[in-house]
Amino acid sequence: MVVSVDPGHLTRSPGGAGPDDRVQLLLWRRRALEQQLPAAAFPAGSGAPSLVYLWASMFVVVAVVLGFALSAQRGVLPAVIDSQNDVVTKLASTISVSTRAWSKQLGRTVADRATGTDAQLLARVVGDGTSVSGAAVVETASGRPLATKGTAVPAGVLSAEIPLDSAFGVTTPDGPVVLRAYRLDERRTLVAVHPLTLRNLRLNPDAGHGVYVLTPDGGTSLMQGANAVGQEHLPVVFQGLAGSTSRQSREVVIEEWPDRRLVVSSAPIGDTGLVVVSLLAAEVTGGASLPTGLLLGLSLLMFAVPSFLLMRVSLVRPIRVLLAQAKADACGGLTPHRRPARIAEAQRIARALALTSGDRPPAERRWRPTVLQGLTAATVVALLWPAGAVVLALQTPAPTVPTQLVRDQENRAEEASFALGSALDAGLGTVSRISRSVDPADRERTARVLRRELAEGHRLRALYLVDRDGKVLASAGREPLRTAEPLPGEVGIQLDDAVSRLPVVFAYNLRSDGFAVVGEFDPDRLVGLVRRVDGRVRVVDAELRTILDSEGFRAYQPIGEDLVAAAAVEALPGTTVGHSTTADGDPALVAASGLTAPATVAHLEWSVVVEQDIAALRLPEMVERRWTLLVAGAMVGIILLTHMWQLYIYVRPVQRLASFADRMSRGEIDVPVPPQRHDDIGAVAMCLEICRQVRHTGSARFGGAIRMRGSDLNRTAVLPLVRRPVAARREKG
């Protein structure tokens, strides 16, 4: 039997073999073809992006339902717990800073002591009794008092080993105190008593709000407010808090309170061993809406599944059907009936395959969507859910701000006002102390003193000595910005309005000889003080101009906001006000406090306004809104990622392959079809190239073609057959 093959058919000579020969030949070609076609594995392949999109959507559905389920638990509003944590943390930090400053000043007094009696030393240490209420010089070995002044040092402390490296707290009949010991010599030790006091807090009496201080020895002292629970229950409530070194917050269930719970928040005061604890009774709420979470999850499925199916039906399925047909054409098999493709590019490629394999091309229809149109439709369907989720989130009802949050906001405003006033007053104290130690006649020594003091006190940007006309004689730090003019008085704190690019706040002290020491405050340091308070803090003057702003500012810019301006005006006389709604009834959280303490800053007529972003509070309505917007943003990212992935690994390669197919359909078969990708689209391209080579070279190319794998930039050239010269053939014969 002799078998001959042409580009499209298999014939046999008379008396030859039957149809089984053709089947075996097609099977051999198919095996050869399969060995060289790329096998796409995840993440390659046209169907990978759609699967990733579906899996990611399912994950988001689970996250939505779980997130709303966890937020729907009944309990105290998380915003109230967060606020109490912030209040006790800032309160403990303020006390710790005050204690360190007192300890530093006490150490300086002890180090600068001259020769004298113990009674003289104690008199300097105690002073007016404000910072140090009592002190004692004791025998180091036995703790026996050698000299005392003011409040007696607790006997239990004297009988024990006194730590010398840090301050420590103890409980006395008059309340908690902080002790600090200094070794005077090998035999004597100084022990000083610092009374622990709190600034007046604005507590909520309806919630039984109380602030306690716990000492390491187990002592409990109610510093301000009321007992939310009976005195007999306090040991159980405070269990595990005494001596704690970390911030804690928890809810305590009281059987007698069906609709309230006890909120316990604590924070340690530095390394003193003292702990500040806040107790209040807060209402129990239901949290976020679980049905809303279920609705969002189900609605996401309703849009994700159709988008996935649209990609599979209009994009993935046509290329897989086309690949099956392309393999048959590349092996030389005949297809009795060719199904029209659903997308335009697949139809164009199928037509080229039919023409190059010598078969009848599939029938044309009037219009077919392109791959880009199919991908666009799937993207639009997928994006409908995030758009609806955003609309739903923006229509969430406005929350009601609890009274407790307003009270805590007022405390923040007073805290920021107190910190700013204390820093300004401390700067004035530094300037007054330096003015007594400088010598205008010795400029070099004065400059050294100014540099030393500036290095120790970081709140000032410049320190300098001026004459009667305000001319700088000696300075330390940065260049002075204050206008060179006579000082407005003997001592005080002023704002230089003549400088417009930043607020120049300075403290000064005029000496009897006409010379004065001036210290300019660093605006960045002052902003850092008020920035410790949560929220946006603005310091405004009587003309409602911005002096400081924790979020960045331009000096003397009008504030403009109605609620902030109204709160600032109300607080100017020295009061503290809080607002929970705007003039239009929208929720807000704004508090303001006048800068009236200490007395040295009252003449500035400044107000400190603290504004909290309602959207950042953990209120149920805000939690639902934030969670919905977060999930919507995540879905937008997933959609853009997977659909752009589909665009680059599917749409563009198919479009390029369809362009080459059009050229082949027009009879241009001299240019090879470049490989696209190492996936199913690349396999179609290789099959199309085999059909082109069969059309160009002959049926020997059926079932495979030698080619290099690469990108569409790698060109494959078909070399002509090299024939031997006639003379060479004759010699061989």
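Before moving on, here are some points about what is shown:
- Semi-axes of the equivalent ellipsoid for the stretch 76-285, Cα gyration tensor, largest first, Å: 38, 16, 13
- Cβ crowding within 10 Å, taken as a proxy for footprinting-reagent exposure, orders 688, 27, 294 from fewest neighbours to most as 27, 294, 688.
- Sites residue 183 and residue 603 - FRET efficiency at Förster radius 56 Å, r taken between beta-carbons, to 0.05: 0.80
- Across the stretch 605-657, Cα-Cα distances exceeding 17 Å account for 63% of all pairs.
- Computed log₁₀ I(q)/I(0) - Debye formula, equal Cα scatterers, no solvent, the chain, q 0.10, 0.11 Å⁻¹: -1.04, -1.17
- Overall dimensions of the stretch 403-616 by Cα: Rg and Dmax, Å: 18.6, 65
- As a calculated quantity, the FRET efficiency between residue 100 and residue 478 at R0 = 30 Å, using C-beta atoms, amounts to about 0.70.
- Ordered by the number of other Cβ atoms lying within 10 Å of each residue's own Cβ, fewest first, 521, 42, 238 fall into the sequence 42, 238, 521.
- Other residues with beta-carbon under 14 Å from the beta-carbon of residue 458 carry, at +1 per Lys or Arg and -1 per Asp or Glu, a net charge of +3.
- For the stretch 76-285, relative contact order (Cα pairs under 8 Å, six or more residues apart, normalised by length) works out to 22 percent.
- Helix axis angle, 562-571 relative to the chain longest principal axis, alpha carbon, degrees: 10
- Residues 20, 549, arranged from fewest to most other Cβ atoms within 10 angstrom of their Cβ, appear as 20, 549.
- Percent RCO, i.e. relative contact order, over the stretch 403-616, from Cα pairs under 8 Å lying at least 6 residues apart: 23
- Semi-axes of the equivalent ellipsoid for the stretch 145-259, Cα gyration tensor, largest first, Å: 35, 15, 12
- Look at the dipole of the stretch 76-285 built from charges on Cβ: of 212, 237, 138, the Cα furthest out on the positive end belongs to 138.
- Largest-first ellipsoid semi-axes for the stretch 631-703, taking √(5λ) over the Cα gyration tensor eigenvalues, angstrom: 35, 12, 6
Values quoted throughout were computed directly from the atomic coordinates according to the rules given, and no laboratory measurement underlies them. As the structure is a computational prediction, the values presented were derived from the model and not from experiment. Methodologically, a virtual Cβ is constructed for each residue, glycine included, from the backbone with ideal geometry; neighbour enumeration extends over all protein chains shown.
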